[in-house]
Amino acid sequence: MLITLGIVYGDIGTSPLYVMNAIIADAGSVGALTPDYIIGSVSLIFWTLMILTTIKYVVLAMQADNNGEGGIFALYALVRRRGAWLAIPALIGGAALLADGTLTPAVTVTTALEGLKNQRFGSFVFSNSQLVVLVITSVVLLTLFMIQRFGTAKLGNAFGPIMLVWFVFLGLAGVTHMTGHLEILKALNPVYAVRILFFACQ
């Protein structure tokens with residue numbers, strides 16, 4: 001479970017933070033955010049994660065396996081007897097998986113480092129230069145991919161405890177700040193997600 005937390009849920013668990021930045025930018029500033037806009041946005045994030053993790057992964061992906069093996073090509077091995085043309089969607093799925101595996105780490109690390117721009121850590125102030133962000137991103141990604149050749153399990157073992165601490169911190173910070181704003185629990189109602197998705201621009 002700890003390895004899975006480090007590999008699979010690391011990206012899923014940090015992505016909403018970048019979404020919140022985009023939500024604030026869309027509103028113009030933090031001061032321009034209204035309670036309905038915040039509740040609707042949080043509801044949209046919550047239900048997107050619920051649909052992805054519960055329906056896509058648990059209900060569908062975890063039930064589709066080929067002798068314990070998963071992935072797009074393992075599924076193709078199951079259905080290929082039904083027609084050679086199924087090689088086409090399998091190739092498209094493989095290409096999408098490769099593209100996602102290439103883009104997601106780059107976007108995640110770049111966005112995280114961009115969040116550090118102009119941040120002060122004691123006497124040190126992080127650079128505001130995008131070139132510095134790109135250089136550090138490249139170093140981080142190259143290091144991770146060099147380590148990954150020793151096995152995904154090793155990466156999971158290394159990042160699992162880090163992600164566990166991160167999620168516990170997020171949970172504690174969330175509960176602490178939520179106690180004075182219990183109205184945020186309205187976000188559990190998908191109606192608010194639908195409203196912000198379809199009616200925010202009207």
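Laid out as a table, the results:
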item	result
Scope the range 87-118; condition touching a strand residue (DSSP E or B) at 6+ places or on another chain (Cβ under 8 Å) and either touching a residue at least 60 places away in the same chain (Cβ under 8 Å) or charged (D, E, K, R) (or both); matching residues	none
Residue check, residue 163 of a type in the set (A, V, I, L, M) and surrounded by fewer than 13 Cβ atoms within 10 Å (Cβ to Cβ)	no
In the range 120-153, residue farthest from the chain's Cα centre (by Cα) [restricted to those that are of a type in the set (Phe, Trp, Tyr) and at pLDDT 85 or above]	124
Conditions (1) under 21 Å from residue 21 (Cβ atoms); (2) surrounded by 10 or more Cβ atoms within 10 Å (Cβ to Cβ); number of the one not met by residue 121	(2)
Only listed residue being surrounded by 15 or more Cβ atoms within 10 Å (Cβ to Cβ) and either within 19 Å of the chain's Cα centre (by Cα) or closer than 14 Å to residue 44 by Cβ (or both), chosen from 156, 171	156
Filter result for residue 96 (in contact with a helix residue (DSSP H, G or I) (Cβ under 9 Å, 6 or more places away or on another chain), among the hydrophobic types (A, V, I, L, M, F, W, C) and under 30 Å from residue 41 (Cβ atoms))	yes
Helices (runs of 4 or more DSSP H) wholly inside the range 1-119 that include at least 3 residues being closer than 27 Å to residue 144 by Cβ and at pLDDT below 70	2-7, 9-27
Given (1) more than 30 Å from residue 36 (Cβ to Cβ); (2) under 19 Å from the mean Cα position of the chain (by Cα); (3) surrounded by 14 or more Cβ atoms within 10 Å (Cβ to Cβ), number of the condition residue 111 does not satisfy	(1)
Answer residue from the range 174-202, given it is surrounded by 12 or more Cβ atoms within 10 Å (Cβ to Cβ) and not in a helix (DSSP H, G or I) and is farthest from the chain's Cα centre (by Cα) among those	200
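The values are calculated or read from the model by the stated rules, or taken from the named source; none is laboratory data. Model, not experiment: these values are computed from the prediction. Backbone-built Cβ (ideal geometry, glycine too); neighbour counts: all protein chains shown.
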